[in-house]
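In what follows, a structure is listed as C-alpha cells, so that the remarks can point back to it.
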Amino acid sequence: MTTEDIVALLKKHPIGVACALITLFCGVLLYLRYGEIAKTQGQLDEASAQAKKMIANVRNSSGLAEQLAEIQALTKEMEDRLMKAGQLAVNLQYFYKLEAETEVKLSSDPRQNTFPRNIKTTYGGVPFNVAVQGSYAHVMNFLNKLQNGRHFCRINTSTMQKAGENNSEVTLALTLELLGQP
C-alpha cells in the first residue's frame, strides 16, 4: 500500500477515519489519566462531604442568635443562684432565713466547712453541716425549701430522730453541699 492509496482511502471514508482518530485519542487519554481517577474521586467525595456539612450548618443556624441569647440568660440566672464560698456571713444568713420561713429551730449554728481547693472546674459544692429541730411537718417544709430554694442543693447525709420525750418534735441533721464558686 502506497501513500497515494492511503490518501485515496482517507478521502473515500473521511467520517470513519475521523472516528478512528478520535477513538485512538480518547483511548490514549484514558490510558494516561487512568491513575488519576481514584485521586479525583477522593477529592470529589471530600468536597461533597464538606458541602453537606456546610448545608447542614446553614440549616441548623436558623435561630442561632435567639438560642445564644437564651443560653446567656439561663447562664446568668444559674450564676445568680450560685453560692460564694468566701461570703460566710451571707451564706449563714441563708439558713437563718430558711429557719424563719419554716418555723424550725436551728439546733446549732450552721457550719460551713472548707471549700475544696483542688477542684478542676469553675463550680464546686460548698459543704455545710446543719441541724434543725421542730415538728415533723415544719422539718419537712424546711427540707423542701432547701431542695427547691435559691441555691442548688445536694444532701450527702441526713439523720432524723425524735427530739427528747416529746414525740411531736424531731431533729434533722444534714451534711449538704450548695453549688457555688470559691
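The values are calculated or read from the model by the stated rules, or taken from the named source; none is laboratory data. Just so we're clear, the structure is a prediction, and the values are computed from it rather than from any experiment. Neighbour counts are summed over all protein chains in view; Cβ atoms, including those assigned to glycine, are modelled from backbone coordinates with ideal geometry. Side chains are part of the model used for accessible areas, which takes the heavy atoms of the whole protein and leaves out ligands, DNA and RNA. Shrake-Rupley method; radii C 1.70, N 1.55, O 1.52, S 1.80 Å.
List the chymotrypsin sites (Phe, Trp or Tyr not before Pro) within region 13-50 that fall in a DSSP loop (any state other than H, G, I, E or B) and whose Cβ has at most 14 other Cβ atoms within 10 Å.
Y34
Of the heavy-atom accessible surface of the chain (probe 1.4 angstrom), what whole percent is carbon and sulfur?
So the carbon and sulfur contribution to the accessible surface is 59 percent.
Grab the chain and count how many Lys pairs have their alpha-carbon atoms under 30 Å apart, sequence gap of 8 or more, or different chains.
17
Please work out the FRET efficiency for the pair Q41 and C19, using the Cβ-Cβ distance as r and a Förster radius of 25 Å; give the result to the nearest 0.05.
Efficiency at R0 = 25 Å is approximately 0.30.
Starting from the amide H of S107, placed 1.01 Å from N in the peptide plane, find each other amide H under 5 Å away whose residue is 5 or more places distant or on another chain.
HN-HN under 5 Å from S107: A131, V132, Q133.
Keeping every protein chain present and rolling a 1.4 Å probe, give me the accessible area per residue for region 29-175 in Å².
Heavy-atom SASA per residue in region 29-175 reads 72 Å².
How about region 72-168: which GluC sites (Glu not before Pro) there are in a DSSP loop, with at most 15 other Cβ atoms within 10 Å of their Cβ?
For GluC sites (Glu not before Pro) across region 72-168 that sit outside H, G, I, E and B with at most 15 neighbouring Cβ atoms in 10 Å, the list reads E103, E165.
Ranking request for peptides 44-51, 141-148: highest mean number of other beta-carbon atoms within 10 Å first, then the rest in descending order.
Listed from highest to lowest mean packing, they are 141-148, 44-51.
If one computes the Cα centroid of region 1-58 and of region 88-149, what distance in Å separates the two points?
With region 1-58 and region 88-149 each reduced to a Cα centre, they are spaced 81 Å.
Once fully extended, how much extra length lies between Q181 and T122, figured as 0.36 nm per residue of separation less the alpha-carbon to alpha-carbon distance?
The span from Q181 to T122 would gain 20.6 nm if fully extended.
Round to the nearest 0.05 the FRET efficiency obtained for I155 and R111 when R0 = 25 Å and r is the Cβ-Cβ distance.
Efficiency at R0 = 25 Å is approximately 0.95.
Can you compute the equivalent ellipsoid semi-axes for region 77-182, i.e. the square root of 5 times each eigenvalue of the Cα gyration tensor, sorted largest first and rounded to whole Å?
In descending order the semi-axes read 26, 13, 11 Å.
Taking the alpha-carbon set of region 17-101, what are its Rg and Dmax in Å?
33.2, 106
Each residue of region 14-30 in turn: what ³J(HN,Hα) in whole Hz from Karplus with 6.51, -1.76, 1.60 and θ = phi - 60°, glycine and Pro shown as x?
Taking θ as phi minus 60°, the curve returns x, 5, x, 5, 4, 5, 5, 5, 5, 4, 4, 5, 5, x, 5, 5, 4 Hz for region 14-30.
Under 10 Å, Cα contacts only: if you run a Gaussian network model on the chain, which one of K105, K76, K11 comes out with the highest mean-square fluctuation?
Comparing K105, K76, K11 in the GNM, the peak value goes to K11.
Please build a GNM for the chain, connecting alpha carbons under 10 Å apart, and tell me which residue among L106, L92, L29 fluctuates the most.
Of L106, L92, L29, the most mobile in the Gaussian network model is L29.
Spin-label point model (7 Å from Cα, Cβ direction): what's the K84 to V28 distance in nm?
For the pair K84/V28, the computed spacing is 8.4 nm.
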